[in-house]
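The values are calculated or read from the model by the stated rules, or taken from the named source; none is laboratory data. All of these numbers come straight from a predicted model, not from anything done at the bench. Neighbour counts are summed over all protein chains in view; Cβ atoms, including those assigned to glycine, are modelled from backbone coordinates with ideal geometry. Only protein heavy atoms, including side chains, enter the accessible area calculation; ligands, DNA and RNA are left aside. Shrake-Rupley method; radii C 1.70, N 1.55, O 1.52, S 1.80 Å.
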Amino acid sequence: MRGAASAVRAEAGEATPEWDGSDLEHLLITGRAFERVGPGALPDPAGFLREVVSGLFGAAADLDGGRFALSPWLVTGWKRMTLRRLRLHRTLLDVEVRPRVEWATVRLEVTFGPPVPLLLSVRNGGRISRVTVDEIVLDSEQVVFTASGEHEVMFFYQGDAA
């Protein structure tokens, strides 16, 4: 997949692509085939990477106001998922997602380039009661901010008793 590295970028499109558990299962089957069989099992590496970036991580570019969107799909049973060097025009962004039972943490780091306006939310994790961005509490299910340097965003889920 060396030749496909330039395809790891946020494409123009909707902030939250229509993506569900069946799409995740297809992505996992394709990834496992590549792991077991090798490059011949992955006829379209760029397409596979686009599916990871836009489907699994929900990355989209050129939204209203020039914003980028990230809306990771939280996979049950996964402890972490990481996307390194996501290209958002001239900016490179590292994304790490850590889902837990009561919250999900998204760590972002701009590793190269100018600050980037970002709309961030999570999918498939439950109802959000509050969000913190760098320990600042927000009463929202998503956040809009300009990413520069390192950031930690935490999405807290509502309890069943609420």
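What nm value, rounded to one decimal, do you get for the distance between residue 25 and residue 84 when each label is placed 7 Å out toward the C-beta?
Label at residue 25, label at residue 84, 3.2 nm between them.
For segment 49-162, what is the accessible area per residue in Å², given a 1.4 Å probe and the full set of protein chains?
Here the per-residue accessible area is 52 Å².
On the full set of protein chains, 1.4 Å probe, figure out the accessible area of residue 82 and give it in Å² to the nearest 10.
Answer for residue 82: close to 60 Å² accessible.
Using only the heavy atoms of the protein chains and a 1.4 Å probe, how would 150, 96, 135 rank by accessible area, largest first?
Of 150, 96, 135, the descending order of accessible area is 135, 150, 96.
What is the distance, in nm, between label points placed 7 Å from the Cα along the Cα-to-Cβ direction at residue 150 and at residue 41?
3.5 nm
Separation between the residue 32 and residue 100 pseudo-spin-labels, each 7 Å from Cα along Cα→Cβ, expressed in nm?
Each label point is offset 7 Å from its Cα along the Cβ direction, giving 2.9 nm.
How much accessible surface area, in Å² rounded to 10, belongs to the heavy atoms of residue 153 with a 1.4 Å probe?
Estimated to the nearest 10 Å², residue 153 gives 0 Å².
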